[in-house]
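One structure is given here, and the rest of the page talks about it.
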Amino acid sequence: MSDPSADAAPTAGDAPESGGGPPAWRRISGWIDRTERFLGATFLALVLLLVLVQVLQRITVGSGWAWTGEIAKYGMVWSTFILAGHLLRRGLHLRLEVIDRWLGPRAERLVTRLTDALVALICIGLTWAGYGLVTAPFVGAAPASGLSLRIVYLISVVGLGLTALAATGQALFGRPVDDRRAKSGPAVEGAI
Amino acid sequence: MAITLLGIAIVVLLFLRVPVAFAILGPCVTYLLATGQSLELGLRTTINGIDSWPLLAVPLFVLLGVIANRAGIAERLFDFAMALLGRVRGGMAYVNVGSSVGFAWMSGSALADAAALGAIQVPAMRKQGYPQNFSVGLTGAATLISPVMPPSIPAVVFASVAAVSTGALFAAGVIPALLIAAGLLVYVVIWCQRQTFLKAGRFDGQLVRRTGVRALAPAVTPILIIGGILGGFVTPTEAAAVGCLYLLVLGLCYRTITPRQLPSILREAAVTAAAIMLIIGSTSLLGWILARERIPGMVAEWMTGLTDDPVIFLLLVNVILILLGTIMEPTSALVLSVPILLPVATQFGVDPIHFGVIVVLNLMIGLITPPIGPVAYVLSSVTGIPVGAVFRGLLPFLIPLIAVLLIVTFAPGLVLWLPGLLNP
Amino acid sequence: ACTDAGKDGTVTLSLAHSYANTHPHHRCGAEKVAESVAASNTGLKIEVYPNSTLGGHAQRFASVVSGDIDIDLQGASEISATYAPIRVLDAAYVFDGADHLFGFFESGQADALREDMLAKTGTRVLDAWYFGMRHFTGNKPLRTPDDFNGVRMRFPDTPQFLQNAEALGASPTSVAFEEVYISLQQGVVDGQENPISVISSLNLPEVQSHLNLTGHMTGFVMPVINENAWQGLTDEQREALSTAISEARTTDRQCIEEEESSFVATWRGDGRMQIVEPDVAAFRTKAEAYFRTAFSGQDLELYNAVRAAAS
Ligand code: NA
Ligand code: NA
């Protein structure tokens, strides 16, 4: 993995990424956004690498370490949660767009503010739940690798906290562009 | 009572365009609070829903699709099919279906096909004078071969939700996928007879050989993936990783992918996979709550009270799933409906593998129907044709697709023959 | 969490497990507990959630700890991710069979372990139910530890199972439980080990030719209850629950043993699997020698205590 900003081919949302609001806020969320994207991609690379290691072991020595598969699974979990905020900022979350056709631009902005506020609320709740999960008195370890589940949970909770932050920012300052663009183009590319 | 409110809250949030994952998680966590369960349970169940070995194939098959797309694999297959079939009257239409079948063996998703092949097929057909409706409709309908033919992302998700063998479900998809191709070809044959503008081209052996060589290395991919799984060398998850490595090497050799592009490839795949996985995680919490409230049992009772005929039951399931598919994105629809419907299907004596193919086929048809028809959106965005026109073009192709769906529903032998053959 | 009293003052406890509706642990275990608790008229009700509907093993144990599930059936290895010392009870050949297992739990020798686990996880082990002896299946006979050579053997991914592999001289390969069948069918792995009931429910006789009766582990599950749920019960309710669970232990074992002998007889009869009687002493000696040096401190003490209780 190299510098996340070194981008040969432009992708989904290299356009505005930080929403409205004061410049400092925009700078910070832009930085968080790129970091999330970098970490999400790195975790996916880790998944690919570990699964390939597992194949290699099977071919060569005929048996595998159990921990490779286990950490690969956690890599997928981390990639998912770390990218939740990025998906929100770029309007890339899968959602139903049934009511769009009946909304004018003003109503659309209003509904978007409302949903961002709701998402903020939900993510704050989930982050709170995550705090409980990470600090619970009895937390086990992953069976094969022995990795503490606190760490497994912690990375996911950080992702949710950053999503809560992004949603709060968008509810307060609005979004720079209409996120309807999300339903076409590379936004859904590769999904089912 | 609480469960009714939960259902209403989810529907309201979905219609307010709250992302599906949060529209499910929000009310679910509130339900846990209201019923005296711990909040931590909610997040733990969500994380555990993602933390699954079979599901690990999802991001890897997504990555495979992105790499295949960037490596220009679709173009090579299309050129070869063109050289081979271009001389036939209406050949371009056959080429369209043929190259989709070829690409389907290495792509697990219809949207990857729509993005990769749509950009090539539709303009090529338009250039030869095919009407816009027909071109875009056929291209869109043919993308559905991909998620039915192995490898298939929805099959991986179904296998994980239903706890059946991914390999068996993959094998079960081959004949239905070929049936879709056959159905589309029949449609094309009938359509071509009424066209006057079509003329036969000239066969160019040289061109066939040249494009054939160019398509040779990509053509090994399905052997590597499907052969690896069915031949017993690797599990589906591992096959996806091996496929990624192979196509990456090909792309680097072809210079269609440069090392500097690797981060952006990984980012694109990670983002797409995250959107899917988050929904899978959230629905696993919803599934926990439904199980706690014994909803699947109630639905089963209701359905068995409605009919005791498996044929009527399957028709009912088809209607429900098609309706669900028109308004919902398939992963969400799949993970929501399967935990409820599968136990009922088993009670009716329907084989889970057969049921899996029915569910996947149904929800894939939903990809091309309005209002939520992601394939149509992607086609519109890569071709510049308005979404409404794309939907109109796709409409007549529902006839062969629904015909295939009915055949698959009522001829389980066609579906189960191949998995049975591999596992005597 | 679910100890909420109903309208008529009944307390409802959830009992979750991984086993299918047809499995003895459900038919002759969990359901029996629910029935006899209901018949006790102590105002206690047990709601059973079979088939992993409330999550997989590890996830459910976490839910018992957090109080979101009241009672669960858990194996020592699964619990050991949260409470490590208990893994010793899943060591290869540590128990000689169901009688030894039950005797150990009844004699009070397990009490210190149970109290320690209660203090460290907030969960109470109520009893131990027999799950059947674990045996190896494969496509060739396994008579002595040397026969493990060149065989890719699937073991569950927990430290104790992997250590058992080492103790017995096998090289373990990790395959998820859901992929055991297809991996055996396609030769990704050559063999696996499980109790007879699981070998049957996974349809392994279709893809394995030999059942080697090593009996290398006395499989068992423990009904585990969340301590707050337990403390929320009246003395009569606790008495009713304990009695129901210990009675179900007997019926469950009967069902398991009947099922096992009927499966083995069927397989032997139609030749689907060759039944191999291996040199069990050779495996046992190897494992015992291994664990006496591999275990230390508290683990070794527990191991020795269990072994000493063998008749
Ligand atoms: Na496919
Ligand atoms: Na649709």
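General observations
- Looking across segment C:38-58, just one residue is part of a helix (DSSP H, G or I) and surrounded by 23 or more Cβ atoms within 10 Å (Cβ to Cβ), and that is C:His57.
- Single condition B:Leu379 does not satisfy, out of (1) within 14 Å of chain A (Cβ to nearest Cβ); (2) modelled with pLDDT of 90 or more: (2)
- Test result for B:Ser109, open to solvent by less than 10 Å² (accessible area, probe 1.4 Å) and away from ligand 2 (no atom under 16 Å from the Cβ): no
- The lone criterion from (1) out of contact with any strand residue (DSSP E or B) (no Cβ under 8 Å at 6 or more places or on another chain); (2) assigned to a helix (DSSP H, G or I); (3) at pLDDT below 90 left unmet by A:Arg58 is number (1).
- Residue ID - surrounded by the fewest Cβ atoms within 10 Å (Cβ to Cβ), chosen from residues in segment C:277-308 that are farther than 13 Å from C:Phe95 by Cβ and in contact with a strand residue (DSSP E or B) (Cβ under 8 Å, 6 or more places away or on another chain): C:Glu277
- Selection within segment B:143-164 - touching a residue at least 60 places away in the same chain (Cβ under 8 Å), more than 16 Å from ligand 2 (Cβ to nearest atom) and outside any helix (DSSP H, G or I): B:Pro150, B:Pro151, B:Ser152, B:Val164
- Residue among B:Val387, B:Val382, B:Val404 that is open to solvent by less than 40 Å² (accessible area, probe 1.4 Å) and either assigned by TED's automatic domain parsing to the domain that holds B:Val188 or within 16 Å of ligand 1 (Cβ to nearest atom) (or both): B:Val404
- None of C:Asp270, C:Asp235 is at pLDDT below 95, farther than 25 Å from C:Pro156 by Cβ, out of contact with any strand residue (DSSP E or B) (no Cβ under 6 Å at 6 or more places or on another chain) and of a type in the set (Asp, Glu) except C:Asp270.
- One residue from B:Arg76, B:Arg87 being within 22 Å of B:Val213 (Cβ to Cβ), more than 16 Å from ligand 2 (Cβ to nearest atom), out of contact with any helix residue (DSSP H, G or I) (no Cβ under 7 Å at 6 or more places or on another chain) and assigned by TED's automatic domain parsing to the domain that holds B:Thr139: B:Arg87
- Taking the criterion of being assigned to a helix (DSSP H, G or I), farther than 30 Å from A:Gly20 by Cβ and more than 7 Å from every other protein chain (Cβ to nearest Cβ), the residues of segment A:121-152 that qualify are A:Val134, A:Thr135, A:Leu149, A:Arg150, A:Ile151, A:Val152.
Conditions tested, residue by residue: (1) at the interface with another protein chain (Cβ under 7 Å from one of its Cβ atoms); (2) under 20 Å from C:Ser14 (Cα atoms); (3) not acidic (Asp, Glu).
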position: B:Gly26; (1), (2), (3): yes, no, yes
position: B:Leu33; (1), (2), (3): no, yes, yes
position: B:Glu40; (1), (2), (3): yes, yes, no
position: B:Thr45; (1), (2), (3): yes, yes, yes
position: B:Ile50; (1), (2), (3): yes, no, yes
position: B:Gly65; (1), (2), (3): yes, no, yes
position: B:Ala68; (1), (2), (3): no, no, yes
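- Taking first residues from segment B:356-367 that are hydrophobic (A, V, I, L, M, F, W, C) and partners that are away from ligand 2 (no atom under 14 Å from the Cβ) and not in a helix (DSSP H, G or I), the Cβ contacts under 9 Å between residues at least 6 apart in sequence or on separate chains come to B:Ile358/B:Val350; B:Val360/B:Ser152.
- Enumerated helices (runs of 4 or more DSSP H) restricted to segment B:217-332, each holding at least 2 residues that are within 14 Å of chain C (Cβ to nearest Cβ) and open to solvent by less than 40 Å² (accessible area, probe 1.4 Å): B:236-254, B:262-292, B:295-306
- Test: residue in segment B:172-184 that is more than 16 Å from ligand 1 (Cβ to nearest atom), open to solvent by 10 Å² or more (accessible area, probe 1.4 Å) and more than 14 Å from chain C (Cβ to nearest Cβ): yes
- Residue match in segment C:120-134 (condition: within 14 Å of chain B (Cβ to nearest Cβ), over 17 Å from the mean Cα position of the chain (by Cα) and under 25 Å from B:Gly227 (Cβ atoms)): no
- Residue within segment B:189-208 that is within 12 Å of ligand 1 (Cβ to nearest atom) and either open to solvent by less than 10 Å² (accessible area, probe 1.4 Å) or charged (D, E, K, R) (or both) present: no
- Residues within segment B:338-379 that are under 16 Å from the mean Cα position of the chain (by Cα), within 16 Å of ligand 2 (Cβ to nearest atom) and not aliphatic (A, V, I, L, M), tallied: 6
- Scanning segment C:62-71 finds no residues that are open to solvent by 10 Å² or more (accessible area, probe 1.4 Å), acidic (Asp, Glu) and in contact (Cβ under 8 Å) with a residue 40 or more places away in the chain.
- Residue count for segment B:179-208, restricted to those that are modelled with pLDDT under 90 and assigned to a helix (DSSP H, G or I): 6.
- Any chance B:Ser135 is more than 20 Å from B:Val338 (Cβ to Cβ), away from ligand 2 (no atom under 16 Å from the Cβ) and buried (at least 24 other Cβ atoms within 10 Å of the Cβ): yes
- Condition met for A:Leu94 (assigned to a loop (DSSP other than H, G, I, E, B), at the interface with chain B (Cβ under 7 Å from one of its Cβ atoms) and of a type outside the set (D, E, K, R)): yes
- Of all residue pairs spaced 6 or more apart or on separate chains, those with beta-carbon atoms under 8 Å, a first member in segment B:106-124 that is among the charged types (D, E, K, R) and a second member that is within 16 Å of ligand 2 (Cβ to nearest atom) are B:Asp113/B:Thr143.
- Some residue of segment B:113-122 being more than 19 Å from the chain's Cα centre (by Cα), in a helix (DSSP H, G or I), in the same structural domain as B:Val359 (by TED's automatic domain parsing) and surrounded by fewer than 24 Cβ atoms within 10 Å (Cβ to Cβ): yes
- Residue in segment B:68-75 that is within 16 Å of ligand 1 (Cβ to nearest atom) and modelled with pLDDT of 90 or more present: no
- Against the test of being farther than 22 Å from C:Ser201 by Cβ, touching a Phe, Trp or Tyr at 6+ places or on another chain (Cβ under 6 Å) and open to solvent by 20 Å² or more (accessible area, probe 1.4 Å), the options C:Arg124, C:Arg114 yield a single qualifying residue, C:Arg124.
The values are calculated or read from the model by the stated rules, or taken from the named source; none is laboratory data. Keep in mind that this is a model prediction, so the values were computed, not measured. Ideal geometry is used to build each Cβ from the backbone, glycine not excepted, and the neighbour counts take in all protein chains shown. Accessible surface areas use protein heavy atoms only, side chains included; no ligands, DNA or RNA. Shrake-Rupley method; radii C 1.70, N 1.55, O 1.52, S 1.80 Å.
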